[in-house]
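The values are calculated or read from the model by the stated rules, or taken from the named source; none is laboratory data. All figures in this text were calculated on a predicted structure; none of them were measured in a lab. Glycine gets a Cβ as well: all are built from the backbone with ideal geometry, and neighbour counts include every protein chain shown. Each accessible area value is taken on the protein alone, full model and side chains, heavy atoms only, with ligands, DNA and RNA left out. Shrake-Rupley method; radii C 1.70, N 1.55, O 1.52, S 1.80 Å.
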Amino acid sequence: MKLTEFVKKGLVAVNQSFATRDEAIQFLVDKLDAQGVLSDRERFVADVYERESQSVTGMENGLAIPHAKSTSVKQATFAAVTLREPIDDWPSLDPNNKVNLIFLLAIPDTTADTHLAILAELATRLVDEDYRARLLTSKTEDAFYENLDAYVATSSGASIDESKQLILAVTACPAGIAHTYMAAENLQKSGAKLGVNVRVEKQGANGIEDRFTNEELEDAHAVIFAADVAVKDMNRFSHLPSLKTSVAKPLHDSDTLIEQALRLKKDPSADFAVRENVDQKSGGLSDVKDAVMTGISHIIPLIVAGGMILAFAVFISQIFHVQDLYNTEGSWLWMFRQLGGGLLGTIMIPVLSAYIAYSLADKPALGPGFAIGVAANLVNGGFLGALIGGLLIGYFMRFMKKYIKPKGVLSGFVSFWVYPVVGSLVAGVLMIVILGGPISALNETMISWLNSLSGGSALLLGAVLGIMVSFDLGGPVNKAAYAFCIAAIAEGNFMPYAIFSSVKMVSAFAVTMATLLFKKYYDDYEIGIGRSTWILGLAGITEGAIPFMIRNPLKVIPSLCVGSAVTGAIVAVSNIGLSVPGAGIFSLFLLNSDMNGFVAAAIWFFAAVIGAIISATLLIAFKRAEYNKKHVQTILKGEMNEV
C-alpha cells in the first residue's frame with residue numbers, strides 16, 4: 001500500500017519547534033483543518049484530549065501518536081511533523097522518551113475498511129527503526145512525503161514452521177487503532193527473533209482481523225492477551241495457558257512476553273503469577289470494577305424499557321381516566337403494568353448477577369449467575385444481593401474452570417453438566433442458606449435510609465454525589481456515583497439519579513461560560529472548545545471539559561466540584577426524582593416530583609445552571625490570576641531588555 005496516495009503533502013512538516021505537547025497537537029490540528037479534513041475543529045480537539053486522558057500516546061524512541069475517532073473527521077488520514085528539539089514531558093510508555101516525531105491520526109466515527117487499513121499500515125511501519133530514521137532525517141516536506149513509502153515490509157504471514165512452538169496473541173486498545181497494530185507488529189518481530197511462531201489476532205476498530213483458525217487454536221502452546229478492553233470470543237482460548245497484559249506492554253517489552261508465554265506451556269500453574277508480574281492492574285479490584293460495570297451495562301436497557309413501559313401505562317390511565325382498568329388483573333393495561341414491573345423487579349436482578357459472573361468467568365458462569373440472581377429475588381436481596389452474589393459465584397466458577405478443565409471425552413459433560421449444575425447448586429446454598437439473611441437486612445437498611453433522606457441529610461448526599469460526578473469527568477469516581485444511582489433506582493429510590501443527571505451538565509456549561517465571557521484569559525483553541533461544550537452538556541456529556549482539567553487539574557477539578565456540589569444539594573433538597581437512566585436535557589420530561597411538573601423541571605435544570613455559574617466564576621478567578629502573573633512577567637522582561 002502507498003500511503004502517499006491517501007495523504008496530502010500539506011499534512012506533513014519538518015524541523016519544527018514546540019515547547020509543549022499542546023502546541024504540537026494544535027499545530028497538527030491546524031494542518032488537518034486547513035486541508036478540509038475536519039468539519040468541526042473544536043469537536044476534534046476535544047476528542048483528541050479525551051483520548052489522551054485514557055492512556056498515554058507517547059511511545060518510545062522519540063515517537064508519539066496522538067489520535068482520535070471523531071464525528072468531525074470527514075476522511076481518515078494523518079498529519080505528521082519532525083522536531084528540531086524534542087519535547088521532554090510528553091506522557092509516554094517510556095518515561096525517558098523525548099518526542100521528536102509526531103503523527104496525529106484522524107479517524108471518522110464510522111470508518112471505512114480502506115481508511116482503517118491505511119492507519120493500520122502506518123502504525124505497523126512506525127515500529128521499524130530504519131523507517132523512523134528516514135523520516136527523521138528528511139530535510140524538506142517533499143522528502144518526508146516521499147519517505148512515507150520508503151518501507152520494506154517484513155513477511156508476517158509465512159507458513160508455520162512445524163518445528164517451532166506456536167504462540168497466539170490478541171491485541172486490542174480502546175480506540176482500536178494505533179496501539180492495536182503496533183503491539184501486533186512488535187510481537188511478530190519478537191517471535192521471529194526468538195525463533196517462535198507468533199500469530200496475532202487484532203481486535204481493532206475494524207472488528208476482528210486475522211482471526212485464528214481452528215488448527216492454530218489446537219496447535220498453540222499459549223496465548224497472550226495484550227488488551228485494554230474485553231477480548232471477544234474468549235471461550236476459544238479456554239484450553240490454553242494464558243497471560244494478560246496491557247496493549248502497551250508489547251511496545252517496549254515484547255521479547256519478555258514471548259518468553260513468559262513459552263514458560264506457561266512448561267508450567268501452566270505459573271499462569272496467575274505471570275499475569276500478576278506482567279500487569280499489576282489486572283486482577284483484584286480492577287476485575288471487580290470491570291465485572292460490576294459489565295453487569296450494570298446489561299441492565300440499563302431493562303431499566304429504561306421497564307421504566308418507560310410503566311410510565312406509558314400510568315400516562316394512559318391518567319389521561320383517559322381508566323385507573324380501574326390499570327388495576328384490574330388480566331386487562332391489557334394491567335398486563336403492560338406487569339410487563340414494565342417485571343423488567344424492573346423480576347428480570348433485572350438475575351441479569352445483573354449473571355453478567356457480573358460472566359465478566360469474571362466467561363460463558364460457564366452465566367447459568368450459575370442467573371441462579372444466584374433468582375435466589376437473591378427469593379430472599380429479597382435486591383441489587384445488593386445481585387452484586388455480591390454475582391461476584392462470589394463468578395470467582396467460584398473461575399476456580400472451577402482452573403481445577404476442573406473440560407478435556408478429552410468428558411469435555412462436554414464438564415461444560416454442559418458439571419459447570420452449570422454444580423455452579424447453580426453452590427449459588428443456591430450461598431444466597432439462600434448463608435448470605436440471604438444478612439444481605440436482605442442490609443438491603444432493607446439501605447432502602448430505608450434512602451427513603452428517609454430529607455433536609456440536611458439529603459443535602460449532604462446531593463453534595464457528595466455532585467462532587468463525585470465532576471471529580472474525574474467520566475473516570476472511576478464518576479462511575480462509582482453512577483453505580484450507586486443505578487442501585488438506588490433498582491430499589492425504588494429515584495432521587496440520586498436526578499442529582500446525577502443534573503450535575504452531568506455543570507462542567508460543560510461552566511467551561512462555555514468561562515471561555516466565552518472572558519475570552520482574553522484563554523487561548524484560541526480553548527475558546528473553540530468552549531463554544532461546543534455546552535451542547536455536550538445538554539446531552540449529559542462531561543468529557544468536553546477534560547482538556548481544561550488535563551492542563552491544570554489542581555485548579556479546574558476543585559472549581560467544577562464546588563459548583564457540582566451546589567447543584568446536587570439543590571436537586572436533593574427539592575426531592576426531585578428520575579426513574580429512567582439518562583442524562584441531559586431530555587430528562588426534563590421524565591422527572592418524578594410531588595410538585596408541579598413545570599416547577600420541578602425548572603428547579604432541576606436551573607440547579608445545573610447555578611452550579612455552572614459558581615464553577616465558571618472559580619475558573620475565571622484562577623485563570624485571571626494566572627493571566628496577571630504572566631502579564632507582570634512580560635512587563636518585567638521588557639524592562640530588563642531595555643536596561
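Summary table below
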{"quantity": "Amide proton proximity set for VAL198, modelled H, under 5 Å, gap of 5+", "calculated": "ILE167"}
{"quantity": "Partners for LYS623 among lysines (Cα-Cα distance below 27 Å; same-chain residues under 8 apart left out)", "calculated": "LYS504, LYS519, LYS520, LYS555, LYS637"}
{"quantity": "Segment 458-553: radius of gyration and largest Cα-Cα distance (Dmax), Å", "calculated": "14.5, 49"}
{"quantity": "The chain - accessible surface per residue (Å², probe 1.4 Å)", "calculated": "45"}
{"quantity": "Inter-label distance, nm, simple model (7 Å from Cα along the C-beta direction), PHE518/VAL422", "calculated": "6.5"}
{"quantity": "Cβ crowding within 10 Å averaged over residues, with 212-225, 436-449 ranked highest first", "calculated": "212-225, 436-449"}
{"quantity": "Efficiency of FRET between ARG624 and ASP88 - r from beta-carbon atoms, R0 25 angstrom, step 0.05", "calculated": "0.25"}
{"quantity": "Inter-label distance for LYS139 and LEU588, nm, one decimal - labels placed 7 Å from Cα along Cα-to-Cβ", "calculated": "6.3"}
{"quantity": "For segment 386-401, 3J(HN,Hα) per residue [Karplus equation, 6.51 cos²θ - 1.76 cosθ + 1.60, θ = phi - 60°, Hz, x = Gly/Pro]", "calculated": "5, 5, 5, x, x, 5, 5, 6, x, 5, 5, 5, 4, 4, 4, 4"}
{"quantity": "ASP89, ASP30, ASP253, reordered so the largest accessible area comes first (probe 1.4 Å)", "calculated": "ASP89, ASP30, ASP253"}
{"quantity": "Reachable lysines, given that their alpha-carbon falls under 19 Å from the alpha-carbon of LYS69 and they are not under 8 places away in the same chain", "calculated": "LYS31, LYS202"}
{"quantity": "Listed peptides 310-320, 56-66 by packing density, highest first (mean Cβ within 10 Å)", "calculated": "56-66, 310-320"}
{"quantity": "Pairwise label distance in nanometres, LEU410 with ASP109, each label 7 Å out on the Cα-Cβ vector", "calculated": "5.3"}
{"quantity": "Convex hull projection area averaged over all views, segment 418-504, Cα basis, nm²", "calculated": "7.3"}
{"quantity": "Where N is the number of residues in segment 1-122, Cα Rg divided by 2.2 N^0.38 Å", "calculated": "0.99"}
{"quantity": "Listed residues LEU387, LEU243 arranged by accessible area, highest first, probe 1.4 Å", "calculated": "LEU387, LEU243"}
{"quantity": "Evaluated at q = 0.10 Å⁻¹: base-10 log I(q)/I(0), Debye formula over Cα of the chain", "calculated": "-1.07"}
{"quantity": "Helix-only mean residue ellipticity at 222 nm for the chain, each DSSP H run of n ≥ 4 adding -39500 (n - 2.57), per residue, nearest 500", "calculated": "-19000 deg cm²/dmol"}
{"quantity": "Net length gained if the chain between ASN214 and MET1 were fully extended (0.36 nm per residue, minus Cα distance)", "calculated": "73.7 nm"}
{"quantity": "nm² value of the averaged projected area, convex hull over the Cα atoms of segment 488-600", "calculated": "7.5"}
{"quantity": "LYS244 accessible area, 1.4 Å probe, all protein chains in place, Å² to nearest 10", "calculated": "80"}
{"quantity": "Cα-Cα P(r), segment 556-603, percent of pairs per 10 Å interval", "calculated": "24, 50, 23, 3"}
{"quantity": "Residue-by-residue Karplus 3J(HN,Hα) for segment 183-188, coefficients 6.51, -1.76, 1.60, Hz, glycine and proline x", "calculated": "4, 4, 5, 5, 5, 5"}
{"quantity": "For segment 310-377, diffusion coefficient by Stokes-Einstein and Kirkwood Rh (Cα), 10 °C, 1.306 mPa s, µm²/s", "calculated": "118"}
{"quantity": "Net length gained if the chain between PHE27 and GLN318 were fully extended (0.36 nm per residue, minus Cα distance)", "calculated": "98.9 nm"}
{"quantity": "Modelled FRET efficiency - R0 30 Å, ASN15 with ASP255, Cβ distances, 0.05 increments", "calculated": "0.30"}
{"quantity": "Hits among lysines - C-alpha to C-alpha of LYS407 under 26 Å, sequence gap 8 or more where chains match", "calculated": "LYS164, LYS232, LYS244, LYS265, LYS266, LYS363"}
{"quantity": "Alpha-carbon radius of gyration plus Dmax, which is the widest Cα pair, for segment 188-237 in Å", "calculated": "11.5, 30"}
